[in-house]
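Shown next, in structure tokens, is the structure this report addresses.
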Amino acid sequence: MTLQEIINDSKRIVFFGGAGVSTESGIPDFRSVDGLYNQKYDYPPETILSHTFFMDKTEEFYKFYRDKMLCLTAKPNKAHLKLAELEKAGKLTAIVTQNIDGLHQAAGSKNVYELHGSVLRNYCMKCRKPYPVEDILNGTGVPKCTCGGTIKPDVVLYEEGLDNATVEGAVESISRADCLIIAGTSLTVYPAAGMVRYFRGKHLVLINRDPTPMDEVCELVLHDKVGEVLDKIVI
């Protein structure tokens, strides 16, 4: 079956997306050849983006974070827009994303499970007061709350656990779906990648530039750009 036929045949589609969904909006991914992990810093990005590093070297963390993690000029691409359209048409029930850029919501999607949080939300670690992302971007050094506490992005760093309610919602959506579209992810980041195992539905589709560990078990595999593929779908 073609992707169009699978979508026509499905009533409860869930989209599970990774960094490859946002690269077409100009947001760098981590693991590809030109991704962040292959650029030069005093510390590897995995180290910088860890809970320990955030607590021990907060100023260094924020230098990297402002420089590389805040792409606020990025706009939703064809993939984001088509998914919002599918949700509006009642075909798509949920988006489960590993991305932290908020582009799905910017495109109009309502039911989005952000497994790794969002750069758009920030809060004081002491009193939990929320702060907009602009305060982080336009500030210097370590951002501080009016109460004196350190402000932290609502992003899941290495060594931190995922939010339970988000995980439960995502798993429930995937387990009730009749079609799961996995896109723009290498399926190597756990625990997020393990969630696709909860799918018990009819159609399993994979769209990714490079081969993944799940290519063999999918009904349809497309090695292509996510936006280009989804843009061709007629609703």
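One line per residue, one yes/no per condition, for (1) touching a His at 6+ places or on another chain (Cβ under 9 Å); (2) at pLDDT 95 or above; (3) under 29 Å from Ile233 (Cα atoms); (4) assigned by the TED database to the domain that holds Ser186:
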{"residue": "Leu36", "(1), (2), (3), (4)": "no, no, no, no"}
{"residue": "Pro44", "(1), (2), (3), (4)": "no, no, no, no"}
{"residue": "Ile48", "(1), (2), (3), (4)": "no, no, no, no"}
{"residue": "Lys57", "(1), (2), (3), (4)": "no, yes, no, no"}
{"residue": "Lys82", "(1), (2), (3), (4)": "no, yes, yes, yes"}
{"residue": "Lys91", "(1), (2), (3), (4)": "no, yes, yes, yes"}
{"residue": "Thr97", "(1), (2), (3), (4)": "yes, yes, yes, yes"}
{"residue": "Leu103", "(1), (2), (3), (4)": "yes, yes, yes, yes"}
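Which numbered condition in (1) over 20 Å from the mean Cα position of the chain (by Cα); (2) open to solvent by less than 70 Å² (accessible area, probe 1.4 Å); (3) within 18 Å of Ala177 (Cα to Cα) is the only one that Lys88 fails?
Checking Lys88 against (1) over 20 Å from the mean Cα position of the chain (by Cα); (2) open to solvent by less than 70 Å² (accessible area, probe 1.4 Å); (3) within 18 Å of Ala177 (Cα to Cα), the one that fails is (2).
Counting only residues that are more than 14 Å from Lys11 (Cα to Cα) and touching a residue at least 60 places away in the same chain (Cβ under 8 Å), how many does segment 169-186 have?
Residues flagged as more than 14 Å from Lys11 (Cα to Cα) and touching a residue at least 60 places away in the same chain (Cβ under 8 Å) within segment 169-186 amount to 7.
Kindly indicate whether any position in segment 38-49 is more than 27 Å from Pro143 (Cβ to Cβ) and either touching a Gly at 6+ places or on another chain (Cβ under 7 Å) or exposed (fewer than 15 other Cβ atoms within 10 Å of the Cβ) (or both).
For segment 38-49, residues more than 27 Å from Pro143 (Cβ to Cβ) and either touching a Gly at 6+ places or on another chain (Cβ under 7 Å) or exposed (fewer than 15 other Cβ atoms within 10 Å of the Cβ) (or both): present.
Quick one: is Arg66 open to solvent by 10 Å² or more (accessible area, probe 1.4 Å), closer than 30 Å to Phe15 by Cα and at pLDDT 90 or above?
yes
Of all strands (runs of 3 or more DSSP E) completely enclosed by segment 108-163, which ones contain at least 2 residues that are buried (at least 16 other Cβ atoms within 10 Å of the Cβ) and among the hydrophobic types (A, V, I, L, M, F, W, C)?
So the answer is 117-124, 151-155.
The values are calculated or read from the model by the stated rules, or taken from the named source; none is laboratory data. Being a predicted model, the structure only gives us computed values, none of them experimental. With ideal geometry, Cβ positions are generated from the backbone for all residues, glycine too; neighbour counts draw on all protein chains shown. Ligands, DNA and RNA are stripped out before the accessible areas are found, and what is left, the full protein with its side chains, is counted by its heavy atoms. Shrake-Rupley method; radii C 1.70, N 1.55, O 1.52, S 1.80 Å.
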